[in-house]
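The values are calculated or read from the model by the stated rules, or taken from the named source; none is laboratory data. Because the structure is a prediction, the values reported are computed rather than measured. All Cβ positions, glycine included, derive from the backbone under ideal geometry; neighbour counts span all protein chains shown. Each accessible area value is taken on the protein alone, full model and side chains, heavy atoms only, with ligands, DNA and RNA left out. Shrake-Rupley method; radii C 1.70, N 1.55, O 1.52, S 1.80 Å.
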Amino acid sequence: MAKRDLRHLLRLPPGEPVDLAAHDPAATPGAPGGKHASLADAERMGKELAELQERLWAAGTAGDRRRVLLVLQGMDTSGKGGTVKHVIGHLNPSGCRIHAFKAPTAEELRHDFLWRVRKELPRPGEIGIFDRSHYEDVLVPRVRHLVPPAVTGSRYGQINDFERTLAEDGVTLIKCFLHLSYEEQRRRLLRRLDRPDKRWKFAPSDIGERALWPAYQEAYELALAHCATPPWYVIPADRKWYRNWAVGRLLLEHLRELDPKYPQPRLDPAEWRKRLLTET
């Protein structure tokens, strides 16, 4: 197991400018070893994750309003969907709420940018996972010049107010930026073209987005710096096995801190046990 709390290793310090170039996308901070050791550790973590999720879900049925929201952001091919698959593989889907945010629909554009996000928030006792999130509205519009800079700037404050409200309502927000290198993205896009079973994932627009890589990096740096409460975690994403292990570990550390408890029954178990044993 990692010797240090992974949150301290991957957390961006609040109130400071963000330079993504200073973070190595191929690094493996806190990992228990190489790929095989980390995969084995992820399996061990899975059992504890499942138990803590069950306790959180059980507590929610008894009035505990706490829940968890895991936000995954990153460039195309950084592995948001793959991370969801591996993390959720340890959990009971009944207690999870997963949503992948695409380009806004016509109906969504008729509302403020947080409207569609509020609809997908986890309910008490649930673990929610967002594949992309409300941060898309300070990334794509800035890079593509879809709205005036003042509009994008005002959204940082709206996001901070929104996330503060979530915390006050019992939501533990875990924000993960999956940090992928330009070179690794090229390799993954080529793999999609080379493998028949992966070609369905490729879109010509992926190449156009790559041309805007510097602008997206700058937009992410601003978003990570301006919306740092709760903090962001920068997850090196070039190594898929580390990315999956790290996100699972972060989720585990937050659930341990929440330490949800099974609710105490409001009935006498001995009495009902006796009735079951004596029924005809």
Query raised in the report: If you keep only loop residues by DSSP, which trypsin sites (Lys or Arg not before Pro) in the stretch 6-80 have at most 12 other Cβ atoms within 10 Å of their Cβ?
Result: ARG65
Query raised in the report: Over the stretch 82-140, what is the relative contact order in whole percent, taking alpha-carbon pairs under 8 Å and six or more residues apart?
Result: 46
Query raised in the report: Pick from ALA62, ALA27, ALA103: which is most flexible by mean-square fluctuation in a GNM of the chain where alpha carbon atoms under 10 Å apart are linked?
Result: ALA103
Query raised in the report: If R0 is 22 Å, what FRET efficiency do you get for LEU267 and ARG97 from their C-beta distance, rounded to 0.05?
Result: 0.15
**Report entry** Percent of beta bridges antiparallel (DSSP, the chain, rounded to nearest 5)
**Finding:** 5
**Report entry** Per residue, in Å², the accessible surface of the chain once ligands and nucleic acids are set aside, probe 1.4 Å
**Finding:** 52
Report task. For the chain, find the longest principal axis of its Cα atoms and tell me its angle to the long axis of helix 240-258, 0 to 90°, nearest 10. Result -> 50
**Report entry** Top of PHE177, PHE202, PHE101 by mean-square fluctuation, Gaussian network on the chain, Cα under 10 Å
**Finding:** PHE202
Query raised in the report: What number, in percent, do you get for the relative contact order of the stretch 1-110 if the mean sequence gap of Cα pairs under 8 Å and at least 6 apart is divided by its residue count?
Result: 25
Query raised in the report: Can you give the percent of C-alpha pairs in the stretch 113-260 whose distance is more than 20 Å?
Result: 58
Report summary line: Protection proxy (average C-beta count within 10 Å per residue), highest first, orders 263-273, 186-196, 86-96, 68-78 as 68-78, 86-96, 186-196, 263-273
Query - Summed side-chain charge close to ALA167 - residues other than ALA167 whose Cβ falls under 13 Å, Lys, Arg +1, Asp, Glu -1 - result: +1
Report task. Run the numbers on the chain and let me know its relative contact order in percent, using alpha-carbon pairs under 8 Å that are six or more apart. Result -> 34
